[in-house]
Every structure is written in structure tokens, then in C-alpha cells.
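The values are calculated or read from the model by the stated rules, or taken from the named source; none is laboratory data. Bear in mind the structure is a predicted one, so any value in this text is a computation, not a measurement. Cβ: placed from backbone, ideal geometry, glycine included. Neighbour counts: every protein chain shown.
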Amino acid sequence: MNETKAAIEARGLCKRYGRTWALVDVDLCIRPGEALVVAGRNGSGKSTLLRVLAGSLRPDRGEVRLLGTSLRRGRAALVGHASFTYDLLTGMENLRIAARLLGRPSGPEEIQPFLDRVGLGARGADRVQAYSAGMRKRLTLARALMQDAPVLLLDEPYGQLDPPGFGLIDRLVDELRAEGRAVVLASHQVERLSRICDRALLLDAGRAVWSGPASELPFAFQRLEEASIRAVAG
Amino acid sequence: MRAVAAAFYKDLLLGWRGRAQGMAVAVFGATLLLLLSFAVGPNAQMLRQLGGGFLWVALLFSSTLALTESFRLERENRAIEGMLLLGVHPAAIFYGKALANWLQLFVLGLLLLPVMVVLYDPSLDGIGGVIGVLALGTAGLSAPGTLHAGLSSQTRAQQVLLPLLLFPLVVPVLIAAVRATSLLLLGDPMGQARSWALLLLAFDGVFWPLCGLLFGHVIEE
């Protein structure tokens, strides 16, 4: 992995849904091995930002570069709100199909380690329709890990997970950083993520209103909350 | 080609897992053939003449159910977006899906064929040729059907919109397939069935590449 170039770099990102701007001139730059937390209230543009960084949505303006080259889909793995899976197939089958589409070996022995890594080792033969929401999240995580992408984008990674699942996410972020991958996490769990991430970006109404060390995020988030309460009251 | 094969395999596997739905589509087609025979009445000559047309009408209506179902599964958990996020080219997804839909429609045609033979009592001399026309005609339904099912799957009125978009487009397929099937079943002294089959082949040759090119614009946000 190239250490000199930014793992992912975005300049002047703008995205509009109808008349509503979801992102306005958002810049960010993450180096390999770094973890960035993107925080903000509901509707602040976190999920849109991650989908743009994954190549799932085209920005109306701005550019995303990944390791110095223009973004192509498939080079940044996204774990979003949707599971991207087929309910009629088993967890193992879903991952085997993803592996075939990626051109990776798709035998059960190659897939099982990914299921084991997310704690689904014993449930791979069950159909996804029998999975709980947390298990679906874990399966989506396994699928993203299989992509072997230099950048992993996790949207609300703790959502639907149980407490062991929270630990799994924390461990994965550490492991991915150690492997030299960049991780971007969008979440409301600012206290928790401020402990495991390096840097933070705070969004409000689609604009980046603050960026700095992750350790300072809880204070910045609190200031934003207070300012919005004052604005409503005044 | 690897991604096309993977998408094709995935759609076949989903078709197999959802085979109850597939059987329901086949029963719907058979019921339609039965109801259409009631509309004609006990006139054996008339039934024989209309059998080929009714077979294709039943196939066309049944195909919209099968095509709608194939995209419902893709939209359920945004699975199609997941495939795109793996870096799979939209054309690969299209060809995998269109091939699987073609195979399903062709098998549906093969299942409806004996029902049509029992109800309408046509000559069995040209049945081999009819199977060939079924292959070409269902290919003509499958490519534009897959494209328009992808388009209509993004709307709430999918089941209404798909026939509205698809049926006018596949009129040439319907005319050519009905003419070729009827000629093969009723006798073709002038050898015209071959011309209609060539028209089907030409339609497939135009629409398979064209729909593959357009599919990316249809499914991407």
C-alpha cells in the first residue's frame, strides 16, 4: 500500500437531493492507517458522504481520489444501512457469490474465515431471512472485509449490534489500521469512537463545521448541540 | 465473463430457492390458457388456429410476474447496489440477469407447451420448430424485460408500470413469434416460418446489446 498518498481525499463535495443540499463543499483527507469518525445529527449528511466516498452516489460537484487516482467503485468497501444480501440464500452462499463477483476463490474453506472473523462461523449455513438485524450487519461486514479494499466505510457500525458486536467493531478498526487501511466511521457514538479514531469531522446541514483530533469530538459535538438549542430558543 | 457467470449463477440459485413463486407463475400461465380456451368455446378448428397466439399471450403475461419478482429480490436489501459496490460492471449484472430470465421464461414456455397441446389439440409435426421459436421469442422478451423491470423496480407502481413499458416495445416479438408458431403448428407450405424466426433473431441481435448498454443508466443513482 502506498504510504505517501492519501488513502482517500475529497475536495469540494456537493450533493443535492431535489432542492435540498445534503453535502456542501465538504473536504476531507485520510492517510493509510488512519481512522476518521464523521459525526453529526440526523440528516446532517453522514450517510450521503459515505455513499459518495464509496462511489454509490455521484456528487453534483467535487472530486474523490483514492490513493491518488480517481475513485472507481469497488475500491472503497461500504457497510451501510442496507445489508446488500439476498434473504433466500444462506450467509455462506451470499459471501460465495460476492467472492465470485470479485474474482476471488469462493470455496467454503476460503469463505469460512470471513464468517468466523465476524462471529457468524456457526450460522453460515442458515438462510439470511432467519438472521437478526445484528447478524445481517455482521454478514455485511464480512462481505466488506472480503473486498480487501484500502478504505473501509462504516455507516452506523454499532447500529443493531449487541455489546460483543461493539467490541468486534472496535477490534476490527484497530486491526484494519494496523494493516495500513483507512477507516471512515459515521456514527452518533461519539464518546466511544473518540477513543478509537484518530481524527474527527463534524457535519451540520451538509457542511463540515469542525474537524480536529477525535479526542476533542465530544466537546465539539456538545458545542454544536448547545448552539442549535440556542438558535431554536432565540 | 466471470462476473456474468457469477450473476447468472446467483439468479438461477435465487430462482431455485424461490421455486414456489416460479410454480405460481407457471400455474398462472396454464390458467390463462385454460380461460382463453373457454372464451373461444368448443370450436375445435378455431381453437387449433388460435393456440399459437394464446400460448404467447400467456407467456407474455406470465413473464411480467417473473421479471418483477427477479428485481424485487434485488431491491429488497439493495442487493443490486451491493453488486455495483463490489466494482461489478452494470452490463455484467444485466447479462447475468437477462440470461437467467431467458432460461426461466424458456422453461416456462416448455411447461406451457403441453398444456396448450392438450387444450387446443394442434398438430405435433412442427413441435421441434416451435421449441426453437420459443427459445428466440423468450430471448426477445427477456432482454427488454430485464431492462424495464430494472427501471420500473424503482417505482411504487412496478407491477402496473412494467407491462405499460414492456408490451408496446415487444409487439414485434409477439407478432413474429405468434406467426412463426402458428405456421409451424398449422402447416407451413410456403416456408414462411423461417422468415418470422429470422425477424426474431434480428430483434434479439439489436436489443441484447442495446439493453446491456442502457442498463447502467437505469439502475444507477
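Residues in the stretch B:77-100: is at least one surrounded by fewer than 21 Cβ atoms within 10 Å (Cβ to Cβ), more than 9 Å from chain A (Cβ to nearest Cβ), within 24 Å of B:GLY22 (Cβ to Cβ) and modelled with pLDDT under 90?
Among the residues of the stretch B:77-100, not one is surrounded by fewer than 21 Cβ atoms within 10 Å (Cβ to Cβ), more than 9 Å from chain A (Cβ to nearest Cβ), within 24 Å of B:GLY22 (Cβ to Cβ) and modelled with pLDDT under 90, which makes the answer no.
May I ask you to verify whether A:ALA133 is farther than 20 Å from A:ALA54 by Cα, of a type in the set (A, V, I, L, M) and within 12 Å of chain B (Cβ to nearest Cβ)?
yes
Looking only at the stretch A:146-184, how many residues end up being crowded, with 19+ Cβ neighbours inside 10 Å and within 14 Å of chain B (Cβ to nearest Cβ)?
Residues that pass the stated criteria total 9.
Counting only residues that are more than 17 Å from the chain's Cα centre (by Cα) and either within 8 Å of another protein chain (Cβ to nearest Cβ) or in contact (Cβ under 8 Å) with a residue 40 or more places away in the chain (or both), how many does the stretch A:59-80 have?
Just the residues of the stretch A:59-80 that are more than 17 Å from the chain's Cα centre (by Cα), to begin with: A:59-63, A:67-70.
So of that shortlist, the ones also either within 8 Å of another protein chain (Cβ to nearest Cβ) or in contact (Cβ under 8 Å) with a residue 40 or more places away in the chain (or both) come out as A:59-63, A:67-68.
Counting residues in the stretch A:59-80 that are more than 17 Å from the chain's Cα centre (by Cα) and either within 8 Å of another protein chain (Cβ to nearest Cβ) or in contact (Cβ under 8 Å) with a residue 40 or more places away in the chain (or both) gives 7.
Among the residues of the stretch B:190-221, which ones are part of a loop (DSSP other than H, G, I, E, B) and under 22 Å from B:GLY129 (Cβ atoms)?
The answer is B:MET190, B:GLY191, B:GLN192.
Would you confirm whether or not the stretch B:4-21 contains a residue that is more than 14 Å from chain A (Cβ to nearest Cβ) and part of a helix (DSSP H, G or I)?
Within the stretch B:4-21, not a single residue is more than 14 Å from chain A (Cβ to nearest Cβ) and part of a helix (DSSP H, G or I).
Can you find, within the stretch A:83-112, the residue that is surrounded by the most Cβ atoms within 10 Å (Cβ to Cβ) among those that are among the charged types (D, E, K, R) and in a loop (DSSP other than H, G, I, E, B)?
Result: A:ASP87.
Residue-by-condition table, conditions (1) touching a residue at least 24 places away in the same chain (Cβ under 8 Å); (2) more than 16 Å from A:LEU78 (Cβ to Cβ):
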| residue | (1), (2) |
| --- | --- |
| A:ALA186 | yes, no |
| A:ASP204 | yes, yes |
| A:TRP210 | no, yes |
| A:ALA214 | yes, yes |
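Among the residues that make up the stretch A:95-117, is at least one of them touching a strand residue (DSSP E or B) at 6+ places or on another chain (Cβ under 6 Å) and among the aliphatic types (A, V, I, L, M)?
no
Mind telling me which of the residues B:SER70, B:SER63 ends up being within 12 Å of B:THR146 (Cβ to Cβ), at pLDDT below 90 and in a helix (DSSP H, G or I)?
Of B:SER70, B:SER63, the one residue that is within 12 Å of B:THR146 (Cβ to Cβ), at pLDDT below 90 and in a helix (DSSP H, G or I) is B:SER70.
Out of the residues in the stretch B:176-189 that are in contact (Cβ under 8 Å) with a residue 12 or more places away in the chain and surrounded by fewer than 24 Cβ atoms within 10 Å (Cβ to Cβ), which is nearest to B:ALA135 (Cα to Cα)?
Just the residues of the stretch B:176-189 that are in contact (Cβ under 8 Å) with a residue 12 or more places away in the chain, to begin with: B:176-188.
Within this subset, residues satisfying the condition of being surrounded by fewer than 24 Cβ atoms within 10 Å (Cβ to Cβ) are B:178-179, B:186-188.
Values: B:VAL178: 13, B:ARG179: 15, B:LEU186: 19, B:GLY187: 20, B:ASP188: 19 Å.
Checked the stretch B:176-189; the qualifying residue nearest to B:ALA135 (Cα to Cα) is B:VAL178.
How many residues, within the stretch A:93-112, are touching a residue at least 12 places away in the same chain (Cβ under 8 Å) and within 12 Å of chain B (Cβ to nearest Cβ)?
Selection size over the stretch A:93-112: 7.
Could you run through the stretch A:113-129 and say how many residues are within 13 Å of another protein chain (Cβ to nearest Cβ) and assigned to a helix (DSSP H, G or I)?
The number of residues fulfilling the criteria is 2.
Hey, among the residues in the stretch A:81-92 that are within 19 Å of the chain's Cα centre (by Cα) and within 8 Å of chain B (Cβ to nearest Cβ), which one's nearest to B:LEU85 (Cα to Cα)? Full working, then the answer.
First pass over the stretch A:81-92, keeping only residues within 19 Å of the chain's Cα centre (by Cα): A:81-85.
Filter once more, so that each one left must be within 8 Å of chain B (Cβ to nearest Cβ): A:82-85.
Working: A:ALA82: 12, A:SER83: 12, A:PHE84: 9, A:THR85: 12 Å.
Within the stretch A:81-92, the match that is nearest to B:LEU85 (Cα to Cα) is A:PHE84.
Do you know which residues across the stretch A:149-195 are within 14 Å of the chain's Cα centre (by Cα), farther than 15 Å from A:GLU34 by Cα and either aromatic (Phe, Trp, Tyr) or assigned to a loop (DSSP other than H, G, I, E, B) (or both)?
Result: A:GLU156, A:PRO157, A:TYR158, A:GLY159, A:SER187, A:HIS188, A:GLN189.
I'd like to know if the stretch A:196-203 contains one or more residues that are over 17 Å from the mean Cα position of the chain (by Cα) and not β-branched (Val, Ile, Thr).
No, every residue in the stretch A:196-203 fails to be over 17 Å from the mean Cα position of the chain (by Cα) and not β-branched (Val, Ile, Thr).
State yes or no: is B:THR155 among the hydroxyl-bearing types (Ser, Thr, Tyr), part of a helix (DSSP H, G or I) and either in contact (Cβ under 8 Å) with a residue 60 or more places away in the chain or more than 14 Å from chain A (Cβ to nearest Cβ) (or both)?
no
Hey, can you tell me all the residues within the stretch B:58-76 that are aliphatic (A, V, I, L, M) and buried (at least 21 other Cβ atoms within 10 Å of the Cβ)?
B:ALA58, B:LEU59, B:LEU60, B:ALA66, B:LEU67, B:LEU73
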